[in-house]
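Each remark here refers to the structure printed beneath this line.
The values are calculated or read from the model by the stated rules, or taken from the named source; none is laboratory data. Keep in mind that what you see is a predicted model, and the values were worked out from it rather than measured. No Cβ is skipped: glycine too gets one built from the backbone with ideal geometry, and neighbour counts run over all protein chains shown.
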Amino acid sequence: MSLFREIERKNKDAHRPLADRMRPRTLDEFVGQSSFLGPGKLLRRMLEARRITSVIFYGPPGTGKTTLARLIAEHVDACFVSLNAADSSVKEVRQVIDEAKDRAEGDGRQTLLFLDEIHHFNRTQQDILLPHVENGTIVLIGATTQNPFFSINAPLVSRSQIFGFSAHTPDDVKDLLRRAIRDKARGFGHREIEINDDALDLWATLCDGDARRALTALDIAVRSMPTSAPIRIDRSVAEDSIQRKAVVYDRTGDDHYDVASAFIKSMRGSDPDAAIYWLARMLEAGEEVRFITRRLVIFASEDIGCADPMSLVIAQSVAAATEMVGLPEAQLILAQGVIHLATAPKSNASAKAIWQAREDVKAHRSQPVPTHLRDSHYRGAKQLGHGEGYLSPHDHAEGVADQTYLSVPTKFYQPTDQGHEAVIKDWLSARSPRPTTPPILDESRPIEE
């Protein structure tokens, strides 16, 4: 290499971001993903055998998907071609495939196509890859932050091994930061840097497992200091050099449904702290408030029901109040409603009652309306016997008449011992046949928490 070429390379490297310069050069330098890359794990075994098949890397940003794809290509001595599905065309993909065929026929070398953000390809574009993955023309490594079972064609998924990447742990991130500080060739080992543990802890926490983001923060902190003096990085400097984290949350993908599921299950599990946390995640990510309040109203009936009849009223009030007030003040109303629902007694007896009743309607012959319950308010009804023998509950003690209301008596509602539902259970068990008029909520009886 000529002197000028070496100077050009050094100048170019000087302007490359730290995260790019510190990419691992070997599999041993790669940090994280031990569940499939650790000793004896599937991907490690595949690489040691130098037999790599098409794979899909699925996980959050900054966890090493692109880096590992490059390392795999080097390890198996394949030609590495990288495309981003967000800005690549079918024409470019076809060109890569044609070149891969020529390469295989020429020197027999495999082509590894790394297709980043593969979920941006529609189904037709993804289908173009299928025959060439099947016949081995290309080894595909698709990378995505979205659930591949939803965002990638089933035939392509079935022909690929899926590896789920996890966010880096804080300890992993701190190891990477220390490595960058010590490295003289690619990092800041040539600079005198003093950094305290508080700063490292802050970056390792706020990066949310994204190593690239933590290394970028270190890069900014160092480059913003004078080159002549020792660099001292404390918590204050660390805070200035890292941007407020963007909550990872795709309102049309997994994050939306997973966080909403955790939110509902935390309330169902009577954990107000977890429920408030997931509420905060949704609010910080810009989730639509109406989506949240709709879930609260449904939850009040499905998971609380008659155990605390006021929960539905409160959920409806939260929905109306948030519409009137709007954010940011609406967060207070949402928090109050969520805490009430999370700590209310739980019962899905009323939900199960309607589910079972509808299944009965679909699975069995329709029950005829008993004659005494039929409408008798039109001319000729009496000639048909409609309403004959009907007993008005208002004319009987405690509002209960000794008559049936189904042709084939069936119990759908099975009250629990939770909260006000225990009152209903006692009231129903003391009467035969079962009445249809529910008891009035006894305000003097405390709701069980």
Could you list, in sequence order, all residues of segment 1-52 that are of a type in the set (A, V, I, L, M), more than 24 Å from Ile181 (Cα to Cα), in a helix (DSSP H, G or I) and at pLDDT 85 or above?
-> Leu37, Leu42, Leu43, Met46, Leu47
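Among the residues of segment 285-300, write down those that are assigned to a helix (DSSP H, G or I) and either surrounded by fewer than 14 Cβ atoms within 10 Å (Cβ to Cβ) or aromatic (Phe, Trp, Tyr) (or both). Spell out the reasoning first.
The initial filter retains those residues of segment 285-300 that are assigned to a helix (DSSP H, G or I), namely 289-300.
Of everything in segment 285-300, those that are assigned to a helix (DSSP H, G or I) and either surrounded by fewer than 14 Cβ atoms within 10 Å (Cβ to Cβ) or aromatic (Phe, Trp, Tyr) (or both) turn out to be Arg290, Phe291, Arg294, Phe299.
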Quick one: which of Ala262, Ala280 is over 14 Å from the mean Cα position of the chain (by Cα) and part of a helix (DSSP H, G or I)?
-> Ala280
Which condition does Arg186 not pass, out of (1) in the same structural domain as Asp116 (by TED's automatic domain parsing); (2) in contact with a Leu (Cβ under 9 Å, 6 or more places away or on another chain); (3) touching a residue at least 40 places away in the same chain (Cβ under 8 Å); (4) not in a strand (DSSP E or B), if it passes all the others?
-> (1)
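So that you can scan it fast, the table gives a plain yes or no per residue for (1) surrounded by fewer than 20 Cβ atoms within 10 Å (Cβ to Cβ); (2) touching a residue at least 12 places away in the same chain (Cβ under 8 Å):
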{"residue": "Asp87", "(1), (2)": "yes, no"}
{"residue": "Glu99", "(1), (2)": "yes, yes"}
{"residue": "Asp102", "(1), (2)": "yes, no"}
{"residue": "Gln110", "(1), (2)": "yes, yes"}
{"residue": "Ile128", "(1), (2)": "yes, yes"}
{"residue": "Thr145", "(1), (2)": "no, yes"}
{"residue": "Ala154", "(1), (2)": "yes, no"}
{"residue": "Thr169", "(1), (2)": "yes, yes"}
{"residue": "Asp201", "(1), (2)": "yes, yes"}
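Quick check: anything in segment 356-368 over 24 Å from Glu302 (Cβ atoms) and touching a residue at least 12 places away in the same chain (Cβ under 8 Å)?
So in segment 356-368, the residues over 24 Å from Glu302 (Cβ atoms) come out as 364-368.
After this cut, where a residue has to be touching a residue at least 12 places away in the same chain (Cβ under 8 Å) as well, the list is 367-368.
Within segment 356-368, one or more residues are over 24 Å from Glu302 (Cβ atoms) and touching a residue at least 12 places away in the same chain (Cβ under 8 Å).
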In segment 48-74, how many residues are within 16 Å of Gln161 (Cβ to Cβ) and surrounded by fewer than 17 Cβ atoms within 10 Å (Cβ to Cβ)?
-> 5
Residue under evaluation Lys346, criteria (1) surrounded by 19 or more Cβ atoms within 10 Å (Cβ to Cβ); (2) assigned to a helix (DSSP H, G or I); (3) among the charged types (D, E, K, R), criterion not met = (2)
If you check Arg109 against the conditions, is it of a type in the set (Lys, Arg) and under 34 Å from the mean Cα position of the chain (by Cα)?
-> no
Could you figure out which of (1) of a type in the set (Ser, Thr, Tyr); (2) more than 20 Å from the chain's Cα centre (by Cα); (3) farther than 30 Å from Val408 by Cα isn't true of Ser366?
-> (3)
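The rows are residues; the columns are (1) in contact (Cβ under 8 Å) with a residue 60 or more places away in the chain; (2) over 24 Å from Asp210 (Cα atoms); (3) within 25 Å of the chain's Cα centre (by Cα).
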| residue | (1), (2), (3) |
| --- | --- |
| Leu37 | no, no, yes |
| Lys41 | no, no, no |
| Arg44 | no, no, no |
| Ala73 | no, no, no |
| Asp116 | no, no, yes |
| Phe121 | no, yes, yes |
Selected residue (criterion: surrounded by the fewest Cβ atoms within 10 Å (Cβ to Cβ)) from residues of segment 383-429 that are more than 19 Å from Ala349 (Cβ to Cβ) and of a type in the set (D, E, K, R) = Asp395
Listed residues Leu296, Leu332; which is free of Cβ contacts under 8 Å to residues at least 24 places away in the same chain and not charged (D, E, K, R)?
-> Leu332
Residues of segment 126-180 being over 28 Å from Ala78 (Cα atoms), among the β-branched types (Val, Ile, Thr) and in a helix (DSSP H, G or I), which ones?
-> Val173
Quick count over segment 404-449, residues being at pLDDT below 80 and more than 20 Å from Ala357 (Cβ to Cβ), is 14
Looking only at residues in segment 372-418 that are touching a helix residue (DSSP H, G or I) at 6+ places or on another chain (Cβ under 6 Å) and of a type in the set (Phe, Trp, Tyr), which one is farthest from Cys306 (Cα to Cα)?
-> Tyr390
